[in-house]
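The values are calculated or read from the model by the stated rules, or taken from the named source; none is laboratory data. For clarity, every value in this text was computed on a predicted model and none was experimentally measured. Glycine gets a Cβ as well: all are built from the backbone with ideal geometry, and neighbour counts include every protein chain shown.
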Ligand SMILES: NC(=O)c1ccc[n+]([C@@H]2O[C@H](COP(=O)([O-])OP(=O)(O)OC[C@H]3O[C@@H](n4cnc5c(N)ncnc54)[C@H](O)[C@@H]3O)[C@@H](O)[C@H]2O)c1
């Protein structure tokens with residue numbers, strides 16, 4: 001007998017349940033009972049202050065210090081010096097040559113940053129200065145939270161690379177500190193700036209109600225990055241792949257989808273499950289290299305995270321998000337995403353749009369629709385940002401938008417709750433993967449204020465007056 005759907009109902013004795021029974025089954029399938037879902041409860045009793053939509057006092061000049069000038073830090077620096085009102089006050093890297101070369105790269109722009117490179121604690125001196133407004137943190141992942149906390153405690157806004165934290169505890173610490181100090185704690189999730197037109201289309205109802213989103217980070221980092229002795233400081237990224245399992249880098253994929261689904265601003269992530277493949281690549285590569293080069297011997301006998309981790313998240317509004325993370329298979333690099341709504345679908349990289357029919361619209365039709373729905377920020381800055389560069393312009397756009405908001409005393413688009421919610425997928429996916437993909441509750445870092453928090457503005461109806469020197 002074939003075990004098709006009808007037979008399954010007979011086998012499991014559920015055919016007599018009728019309408020009420022079907023409802024109960026539906027409810028069970030969608031929300032695991034409390035004893036089936038892992039809760040990591042460490043919620044402080046109440047929200048101290050709501051940082052969503054908070055506007056910090058406006059700044060005439062945006063005085064910046066940057067910690068970490070390896071690959072990423074100089075990218076921010078290159079964009080920042082082209083933006084009106086920015087003053088680069090200090091650069092810090094534990095490697096003096098990295099800090100000095102970054103300083104040299106901005107010769108001619110009129111900045112005279114002080115260098116902090118004495119030792120691995122010198123970044124504290126940068127944070128302690130009284131002439132800095134914003135500290136950019138572009139160091140390895142495990143340093144992000146302590147550096148951001150210290151910066152906020154010393155009166156600075158913390159702009160931190162992705163992911164902002166590696167543990168649930170650290171996510172809560174960031175939330176509490178940002179609320180107490182009223183300093184922005186913003187993760188620099190640049191991928192969100194590549195999907196602003198889609199976000200506007202969603203807000204204008206083009207895709208109807210959003211049902212499902214898919215996104216992720218597929219980038220083969222094995223040869224050029226992980227095992228490249230000259231790429232990352234102290235081989236930190238390879239070490240992280242041996243330290244943890246699960247999705248280590250969820251925010252490039254999740255950020256844009258979370259904004260599209262109004263997460264923390266009218267919606268919330270409820271619970272998730274994660275599953276990983278075995279490691280098919282990294283241990284073999286480490287052994288192969290160790291046989292030829294003693295440098296790699298310490299990496300030869302480690303066990304590494306599996307190639308692909310898939311995470312499925314359910315939102316409080318009943319949608320699903322599927323995240324993929326694979327940095328060790330020979331993928332074509334893609335920060336892809338797909339959004340499915342009740343009236344249409346969008347797929348990005350390559351961009352395709354459907355308006356509910358069975359086929360994608362032609363390229364010309366899609367382009368015309370996109371033009372029509374461009375939000376204010378893209379209309380004003382899209383072309384210029386592409387010229388200025390950095391991941392196709394999104395890096396510049398993000399830095400320009402941040403400086404412009406600070407100079408106009410306007411709230412930022414991403415806040416500490418987004419940083420925490422998008423980053424907490426790292427430890428939660430690790431827990432789920434190591435527990436046979438069991439479901440785990442996603443903490444609500446907004447303490448329920450997601451219900452009334454409003455979506456942020458992308459129309460540029462306020463601000464937008466910061467000039468660019470290109
Ligand atoms: N948003 C993006 O598109 C994007 C792209 C690349 C990297 N990143 C993120 O940027 C961060 C940095 O990555 P990277 O590729 O530049 O790594 P990297 O290894 O090239 O640079 C890290 C730098 O931190 C410095 N450092 C280490 N310890 C320090 C300390 N105690 N004090 C001061 N400096 C210290 C190192 O000397 C190094 O120069 C990571 O979080 C990464 O995930 C983001």
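What the table shows:
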item: Residues satisfying the stated conditions in the range 225-242, i.e. within 12 Å of the ligand (Cβ to nearest atom) and either modelled with pLDDT under 95 or buried (at least 18 other Cβ atoms within 10 Å of the Cβ) (or both); result: 226, 232, 235, 237, 238, 240
item: All positions within the range 130-148 that are in contact with a strand residue (DSSP E or B) (Cβ under 8 Å, 6 or more places away or on another chain) and part of a helix (DSSP H, G or I); result: 143, 144, 147, 148
item: Which listed residue, of 99, 55, 90, is part of a loop (DSSP other than H, G, I, E, B) and either modelled with pLDDT of 95 or more or within 10 Å of the ligand (Cβ to nearest atom) (or both); result: 55
item: The lone exception for residue 332 - which of (1) touching a helix residue (DSSP H, G or I) at 6+ places or on another chain (Cβ under 7 Å); (2) farther than 25 Å from residue 186 by Cα it fails; result: (1)
item: Residue pairs meeting the criteria (Cβ under 6 Å; at least 6 apart or on separate chains; first touching a residue at least 60 places away in the same chain (Cβ under 8 Å) and under 15 Å from residue 382 (Cβ atoms), in the range 188-202; second away from the ligand (no atom under 16 Å from the Cβ) and in a loop (DSSP other than H, G, I, E, B)); result: 196/375; 196/458; 197/374; 200/375
item: Residues located in the range 277-296, provided they are farther than 24 Å from residue 217 by Cα and either modelled with pLDDT under 95 or surrounded by fewer than 13 Cβ atoms within 10 Å (Cβ to Cβ) (or both); result: 291, 292, 293, 294, 295
item: Those residues of the range 386-420 which are without any contact (Cβ under 8 Å) to a residue 60 or more places away in the chain and buried (at least 24 other Cβ atoms within 10 Å of the Cβ), in sequence order; result: 405
item: Residue in the range 169-184 that is within 16 Å of the ligand (Cβ to nearest atom), under 18 Å from the mean Cα position of the chain (by Cα) and farther than 29 Å from residue 377 by Cα present; result: yes
item: Options 273, 245, 257; residue that is within 15 Å of residue 327 (Cα to Cα) and more than 16 Å from the ligand (Cβ to nearest atom); result: 245
item: Residue check for residue 118: within 12 Å of the ligand (Cβ to nearest atom) and assigned to a loop (DSSP other than H, G, I, E, B); result: yes
item: One residue from 108, 79 being touching a residue at least 40 places away in the same chain (Cβ under 8 Å) and either surrounded by 18 or more Cβ atoms within 10 Å (Cβ to Cβ) or not in a strand (DSSP E or B) (or both); result: 79
